[in-house]
1. Please specify each residue of the range 200-233 satisfying the condition of being part of a helix (DSSP H, G or I), buried (at least 16 other Cβ atoms within 10 Å of the Cβ) and in contact with a strand residue (DSSP E or B) (Cβ under 9 Å, 6 or more places away or on another chain).
2. Given the criterion of a type in the set (Gly, Ala, Ser), crowded, with 17+ Cβ neighbours inside 10 Å and out of contact with any Lys or Arg (no Cβ under 8 Å at 6 or more places or on another chain), identify the matching residue among Ala257, Ala238, Ala246.
3. Given Leu242, Leu217, which one is under 24 Å from Ser139 (Cα atoms) and modelled with pLDDT of 95 or more?
4. Taking the range 143-174 as the region of interest, how many residues are more than 15 Å from the chain's Cα centre (by Cα), of a type outside the set (D, E, K, R) and closer than 29 Å to Ser100 by Cβ?
5. I'd like the residue in the range 6-65 that is farther than 23 Å from Arg83 by Cα and hydroxyl-bearing (Ser, Thr, Tyr) and, out of all such residues, is surrounded by the fewest Cβ atoms within 10 Å (Cβ to Cβ).
6. Between a first residue in the range 136-155 that is over 10 Å from Thr180 (Cβ atoms) and a second residue that is small (Gly, Ala, Ser) and assigned to a helix (DSSP H, G or I), which pairs have beta carbons less than 7 Å apart while being 6 or more apart in sequence or on different chains?
7. Does Met1 fit the bill of being touching a strand residue (DSSP E or B) at 6+ places or on another chain (Cβ under 7 Å), within 19 Å of Ala264 (Cβ to Cβ) and modelled with pLDDT under 95?
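The values are calculated or read from the model by the stated rules, or taken from the named source; none is laboratory data. All of these numbers come straight from a predicted model, not from anything done at the bench. A quick note on method: Cβ atoms are made from the backbone with ideal geometry, for glycine too, and the neighbour counts reach across all protein chains shown.
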Amino acid sequence: MAGHILSIGECMVELMQAGDGLLKKGYAGDTFNTAYYVRLFLPETITVDYFTAVGDETVSEEMLAFMAGTGVSTRHIRRIAGRMPGLYMIHLKNGERSFSYWRSTSAAKCLADDADALRAAIDSADTIVVTGVTLAILSETAVETLLAELRRAKAAGRTVVFDPNIRPRLWSDKTRMLATISDGARAATLVMPSFDDEATHFGDATVADTIARYRSLGVENIVVKDGANGATVAFGAAAPVLVPAAKPTAIVDTTSAGDSFNGAFLAHLTQHGDPQGAAAFAARVASAVIAHHGALIEKALLPA
């Protein structure tokens, strides 16, 4: 994996619990969370870009300023008049999270409507990151536009990373959801699924089943995340290897556990080219993230 990394998707306004009935505002979303953690662990010589669409109002301006402040480049982000970012609220119970969403006018739903802008962003990158959420929020036409560009990038030798991140509430029906997730995987060189999602929605009985199914779709490299059971790394022709999970000091908020794993994994892999070492590092980062509130945790609270 080389240089420039591009993450594509939706960043939203995040409202999280702050105690005494108060809420704290932040900005997050699965692909931006991944970009944030990639940026934390890479040298400044490697560019990390985010591609989405935002509106032309105050909240969008604040979001762009926040992104730039994290070191994630916003140069490819589109502005759409009359739209604004979506919003979600985190609800916590014993460390597990659920969400309420407000995203009917989200500008990010239009991120792939300008095919030329999308192609220019993808052509600028060596590694492209997308998720099932990215695909779920787009129109069917826009999904095909994005998938066509990802297939083109894969054919050109770029690394295309896909996390299925299956969220049924975002899809019109299960058949389309599973078919589109599979198409996303076919366009990827590295797939990073969560086993509980795969078992629930694809019916996989074991991690080996998940690996075999994605292999059958032409995916060369696979990392299956399985919570406290660890992550299984299946790269190229090598036999799958189970990398143990890291035990957290506490489970406060599991928001962004998978996203932080993805970001830390990609950052380590980009620098060292060692998928097993990357998975071990990512496990340590994810365990630290879930010991704190919110999706984006400052670097001082994370392992080096």
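1. Correct list: Val207, Thr210, Ile211, Tyr214.
2. Ala257
3. Residue meeting the stated conditions: Leu217.
4. Here the count works out to 6.
5. Across the range 6-65, the extreme among qualifying residues is Thr45.
6. Qualifying pairs under 7 Å: Ile137/Ala108; Thr145/Ala115.
7. yes
Residues are listed down the side, and each one gets a yes or a no for (1) among the basic types (Lys, Arg); (2) within 20 Å of Pro43 (Cβ to Cβ); (3) under 18 Å from the mean Cα position of the chain (by Cα):
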residue: Asp259; (1), (2), (3): no, no, yes
residue: Gly263; (1), (2), (3): no, yes, yes
residue: Asp274; (1), (2), (3): no, yes, no
residue: Ala283; (1), (2), (3): no, no, yes
residue: Pro303; (1), (2), (3): no, yes, no
